[in-house]
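Undergrad: My questions all concern the structure below.
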Amino acid sequence: MPITIAVSGKGGSGKTSLAAMIIRFLLQRRGKTVLAVDADPNSCLGLTMGTPPHGTIAEIREQARAKSPDNTGVSRVQSFEYGIQQAITEAKGFDLLTMGRPEGPSCYCAANNLLRQFLNKLSSSYDFVVIDNEAGMEHLSRRTTNNVDFLCIVTEPNPLGIATAKRIFDLVKELPISAKKIGIIWNRAESAKDLDGIDTIGCVPFDKTVLDASMQGKTIFDLKEDGPAFSAMQKIFERLLSPASK
């Protein structure tokens, strides 16, 4: 079974950049196969990794929901799985799966069940699955695997960031998610801020080069190996994954 790392946080917290750093770390330092799942409707993970998506699962799910049975001999399940395989964007060392927007008012129960089954099977082919979630974590609870090894809540040490972290933590307790470890990554912070009942995974300092890369359309692979943010993320996950990798 793969090790699943889910990253959550509100927009603007740096969540997607940190998720991309985790993927780069796993590829460069661990040499592992990675399935990157962009489960944020904004769908920015692929662009941050320099890998624009071919399509989204939302589009495949919509087609599967609306499709009528035919006489071609191809079942709806086979058609759905083929569509998902076509939506996987292959890159150097990792594959990208982009979820897209949440569903509309129609019923998607059957399509979502097929999706969950297929993603569980697909995930078993990788060493790691890294999921970039929206703050509400709708995709994590309803469409992807519910078994998570590390759930990282990315936030900043200000009143709004603290309130958001607490809301996400409380939401996790209400969802059908099994997370072995839940904690906060304080972004753009030199030191941790203790919150009752929520562990701190680590701190990532402000790094202007991360902002500059985003503004200039560069990718996470353009950051220097010894840059403040990427260096901090490497240390956090070397420590975090050391017991899990044995």
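The values are calculated or read from the model by the stated rules, or taken from the named source; none is laboratory data. Bear in mind that the values here come from a model prediction, so they are computed numbers and not experimental data. Methodologically, a virtual Cβ is constructed for each residue, glycine included, from the backbone with ideal geometry; neighbour enumeration extends over all protein chains shown.
Undergrad: Could you list, ordered by first residue, the pairs with Cβ atoms under 9 Å in which the first is in the range 198-213 and assigned to a helix (DSSP H, G or I) and the second is charged (D, E, K, R), at least 6 apart or interchain?
TA: Once the first residue is assigned to a helix (DSSP H, G or I) and sits in the range 198-213, its partners that are charged (D, E, K, R) give Thr209/Asp222; Thr209/Lys224; Asp212/Lys218; Ala213/Asp222.
Undergrad: Out of the residues in the range 210-246 that are at pLDDT 95 or above and hydroxyl-bearing (Ser, Thr, Tyr), state the one that is nearest to the chain's Cα centre (by Cα).
TA: Thr219
Undergrad: Under 7 Å by Cβ, and 6 or more places apart or on different chains, what pairs join a residue from the range 42-59 that is of a type in the set (Ser, Thr, Tyr) with one that is in a helix (DSSP H, G or I)?
TA: Note: pairs meeting the criteria are Thr48/Thr16; Thr48/Ser17; Thr48/Ala20; Thr48/Ile220; Thr56/Ala87.
Undergrad: Which ones in the range 159-197 are under 19 Å from Ala232 (Cβ atoms) and part of a loop (DSSP other than H, G, I, E, B)?
TA: From the range 159-197, those under 19 Å from Ala232 (Cβ atoms) are 161, 165, 181, 183-194; that's our starting set.
Passing the criteria: Arg188, Ala189, Glu190, Ser191, Ala192, Lys193, Asp194.
Undergrad: Within the range 7-27, track down each residue that is at pLDDT below 90 and either out of contact with any helix residue (DSSP H, G or I) (no Cβ under 6 Å at 6 or more places or on another chain) or of a type in the set (Phe, Trp, Tyr) (or both).
TA: Of the range 7-27, the ones at pLDDT below 90 are 10-12.
If the condition is that a residue be at pLDDT below 90 and either out of contact with any helix residue (DSSP H, G or I) (no Cβ under 6 Å at 6 or more places or on another chain) or of a type in the set (Phe, Trp, Tyr) (or both), then Gly11, Gly12 are the ones that fit.
Undergrad: Another one. Could you tell me whether the range 222-237 includes any residue that is more than 24 Å from Phe128 (Cα to Cα), out of contact with any Gly (no Cβ under 9 Å at 6 or more places or on another chain) and part of a strand (DSSP E or B)?
TA: The answer is no; no qualifying residue exists.
Undergrad: List pairs: first residue in the range 1-25 and without any contact (Cβ under 8 Å) to a residue 40 or more places away in the chain and surrounded by 24 or more Cβ atoms within 10 Å (Cβ to Cβ), second residue hydrophobic (A, V, I, L, M, F, W, C) and part of a strand (DSSP E or B) anywhere in the structure, Cβ distance under 7 angstrom, at least six positions apart or on different chains.
TA: none
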